[in-house]
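Engineer: Below you will find the structure I want to go over with you.
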Amino acid sequence: MSDQPVILITGATDGIGLALARRHHEAGARLVLVGRRPLDELDDPLFTPETYCRTDLSQSDCADVIAAWLDAQAVDQLHLLINNAGAGFVGGMAEQTPENIRMLEAVNLRAPIAIAHRLLHRVEAAGGKLVFIGSVAAVMPTPDYAVYTATKAALDAFVRNLRIELAALDRPVRVQMIHPGATRTGIHAKSGLPAERINPARFPLAEQVAEQIDDLIRGGRGLAAPGFANNLALQILRRWPGLGRSMARRRGGDDGGDMDAIQAEPAAEPEARTGKTAAPHCVITGAANGIGRALALAFAAAGYTITGVDLDRERAMRTQAELINAGGKARFIIGDLGDADQIGRIADQVARRPRVDVLIHNADASAVGAFVRLPLVLQMKVLDVNLSAPLLLTRALLAAGRLKAGGSLVFLSSLSHFASYPGAAVYAASKSGLASYASSLAIALAPRNVNVLTVYGPTRIAHARRYSPDNGREERPMPPEVLAGRIMDAVHARRHQLIPGPANRLLGVAGRLVPGATETVMRRMIFEQMAPNDS
């Protein structure tokens with residue numbers, strides 16, 4: 001190949017992507033521009049059959065399409081790969097369609113992950129750089145666009161852990177995460193943001209932001225935001241997330257759709273025949289084993305009717321029998337939360353049960369190993385179970401009006417949200433995305449007294465026994481029964497956050513205040529221990 005640098009930019013037909021493309025064209029780079037629109041609709045001379053790769057980043061094969069296009073153009077090295085494309089949605093959480101949720105997650109999170117996995121060897125061949133464009137909104141709750149923010153927070157966590165892994169493996173690739181603030185582009189209108197709620201003139205032009213991003217790319221900082229104010233906000237809110245929650249509460253949100261979706265009467269339903277007050281209803285995903293089973297036993301013992309959701313029919317039936325034999329009321333729904341097509345069926349079955357007092361998103365999947373060595377399909381399954389399923393199931397129950405006012409939502413995240421998890425980059429992404437969504441949901445649902453609890457913590461499960469920031473030795477992890485009891489206590493106390501155990505709380509604080517030192521510790525404790533056995 002010639003000495004001309006090759007630069008690939010996704011989302012290159014508009015906004016920041018187009019501005020970046022023009023800058024690099026003027027600098028003499030060979031461009032690979034990726035977009036969804038047909039070539040004949042693009043009138044800018046930058047877009048030619050030799051520079052433009054058309055693909056829809058919401059489709060699961062987008063990375064393969066790009067790779068095939070590069071092969072056809074004999075492009076075997078990429079000096080700079082900028083994952084810039086993004087999509088948004090503004091409105092009540094119950095108003096957002098499942099299709100839109102899947103699209104946002106695909107474009108903002110899955111596509112950058114898949115492209116990095118598929119094209120990393122071409123960036124390595126050039127000793128190049130991977131750049132991911134996020135949003136400064138990733139570090140604060142946003143009740144009006146919670147899914148967007150969740151995907152950007154997840155991407156941030158993925159990039160953080162990928163950077164640690166590639167450095168530990170001594171791979172010749174540099175990784176950057178750049179979080180712009182609001183920019184004068186078409187994404188606001190496309191997201192459904194009413195024109196009267198914004199003044200686009202107060203946002204910087206895409207060309208200005210692209211210039212700042214270029215400066216940051218040349219500077220090489222692993223994490224940054226264009227502009228002094230955005231960068232200051234990014235650094236402060238990452239370390240003190242409580243400030244972001246306070247700002248979001250003061251600002252409020254357009255959550256009328258969510259409020260209408262919540263059952264207004266908090267009192268328990270009367271039983272049709274006896275007139276007695278019905279037991280409160282607790283729905284638990286992944287309830288057949290581990291933490292889920294412990295939670296089911298704890299809430300059943302406290303008088304709750306249990307609806308469990310699990311893929312494992314045999315274990316589910318055993319746990320259901322165990323609950324009933326102990327005098328509880330329980331029913332299991334058998335379904336795969338990793339299959340988006342089944343979420344609607346599962347939600348419909350939950351909706352036919354009593355209205356929900358407590359919904360616990362506990363189901364969990366993991367894929368442990370270096371990102372570049374793990375099959376992508378396994379890592380996408382982690383996103384399916386850990387992030388997509390809670391987003392889709394929560395939305396379905398809100399839209400159906402099956403969540404009681406005065407109730408509680410519980411999300412089981414991970415200490416990786418604070419402390420990183422090299423060796424499980426996509427798992428860490430899913431848990432940070434979940435924590436971000438929970439923070440936004442807490443603001444949106446607060447007017448109806450719905451409490452949202454996020455749990456960051458350890459337990460004794462097979463996944464944690466191997467490699468986890470929560471657990472260093474087998475004797476240290478918290479038994480599921482103990483954790484379940486603490487979660488139930490936190491639900492009844494209407495707490496917003498639970499990090500069980502002083503050592504874990506200390507790790508969480510260290511991850512926020514001294515992230516570099518914490519990443520070094522996690523790399524040595526986790527990734528360097530697994531790398532020799534990682535194939």
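Values in this text are rule-based calculations from the coordinates and carry no lab data. In this text, all values refer to a predicted model and were calculated from it rather than measured experimentally. Backbone-built Cβ (ideal geometry, glycine too); neighbour counts: all protein chains shown.
Engineer: Amide H to amide H under 5 Å from VAL356: which residues, 5+ apart in sequence or cross-chain, H placed 1.01 Å off N in plane?
Structural biologist: Answer set, sorted by chain and number: LEU403, LYS404.
Engineer: Please report the antiparallel percentage of the DSSP beta bridges confined to the range 280-533, to the nearest 5.
Structural biologist: 5
Engineer: Still on this model: If packing is taken as the mean number of other Cβ atoms within 10 Å per residue, what is the order of 313-319, 176-182, highest first?
Structural biologist: Those peptides, ordered most packed to least, come out 176-182, 313-319.
Engineer: Say each of GLN59 and THR520 gets a label point 7 Å from the Cα, pointing the same way as Cα to Cβ; how far apart are those two points in nm?
Structural biologist: 4.7
Engineer: To continue, here is another question. Provide the descending list of Cα extents for the range 280-533 along its principal axes, expressed in whole angstroms.
Structural biologist: Cα spread of the range 280-533 along its principal axes, largest to smallest: 49, 36, 33 Å.
Engineer: Starting from the Cα-Cα distance between ILE334 and ARG36, subtract it from 0.36 nm times their residue separation and give me the gain in nm to one decimal.
Structural biologist: 103.5 nm
Engineer: Given the DSSP H assignment, sum -39500 (n - 2.57) over each helix run of at least 4 residues in the chain and divide by its residue total; what's the result at 222 nm in deg cm²/dmol, nearest 500?
Structural biologist: -13500 deg cm²/dmol
Engineer: At a threshold of 8 angstrom on Cα-Cα distance, excluding pairs fewer than six apart, so keeping six or more, what relative contact order does the range 280-533 reach in percent?
Structural biologist: Across the range 280-533, relative contact order equals 19 percent.
Engineer: In nm, give the distance between the simple-model label positions of LEU232 and ASP3, each being 7 Å from the Cα along the Cα-to-Cβ direction.
Structural biologist: Simple spin-label model gives 4.3 nm for this pair.
Engineer: For a Förster distance of 25 Å, can you work out the FRET efficiency between the beta-carbons of ARG249 and GLU211, rounded to the nearest 0.05?
Structural biologist: 0.10
Engineer: P(r) for the chain: what percent of alpha-carbon pairs falls in each 10 Å bin, starting at zero?
Structural biologist: 4, 19, 29, 26, 15, 6, 1, 0, 0
Engineer: Separate question: Around LEU169, which amide H atoms from residues at least 5 apart in sequence, or from another chain, sit under 5 Å from its own amide H, with H modelled in the peptide plane?
Structural biologist: HN-HN under 5 Å from LEU169: empty list.
Engineer: Out of every Cα-Cα pair in the range 6-251, what percent are more than 31 Å apart?
Structural biologist: Here the long-distance tail beyond 31 Å is 19 percent of all Cα pairs in the range 6-251.
Engineer: Using the per-residue mean of other Cβ atoms lying within 10 Å as a proxy for protection, in what order, highest first, do the peptides 208-219, 37-48 fall?
Structural biologist: Sorting 208-219, 37-48 by mean packing, highest first, produces 208-219, 37-48.
Engineer: Indicate, rounded to the nearest 5 percent, the antiparallel portion of the DSSP beta bridges found entirely in the chain.
Structural biologist: Once the DSSP bridges in the chain are tallied, antiparallel ones form about 5 percent.
Engineer: Can you give the extra length, in nm with one decimal, that the chain gains between TRP240 and ASN325 once fully stretched, where that is 0.36 nm per residue apart less the Cα-Cα distance?
Structural biologist: 25.9 nm
Engineer: Set the Förster radius R0 to 51 Å, insert the Cβ-Cβ distance between GLU26 and VAL509 as r into 1/(1 + (r/R0)^6), and round the FRET efficiency to 0.05.
Structural biologist: The pair GLU26/VAL509 has a calculated efficiency of 0.65.
Engineer: Okay, next question. Have a look at the range 14-86 and give its Rg and Dmax from the Cα atoms, expressed in angstrom.
Structural biologist: For the range 14-86, the Cα radius of gyration and maximum Cα-Cα distance read 11.8, 33 Å.
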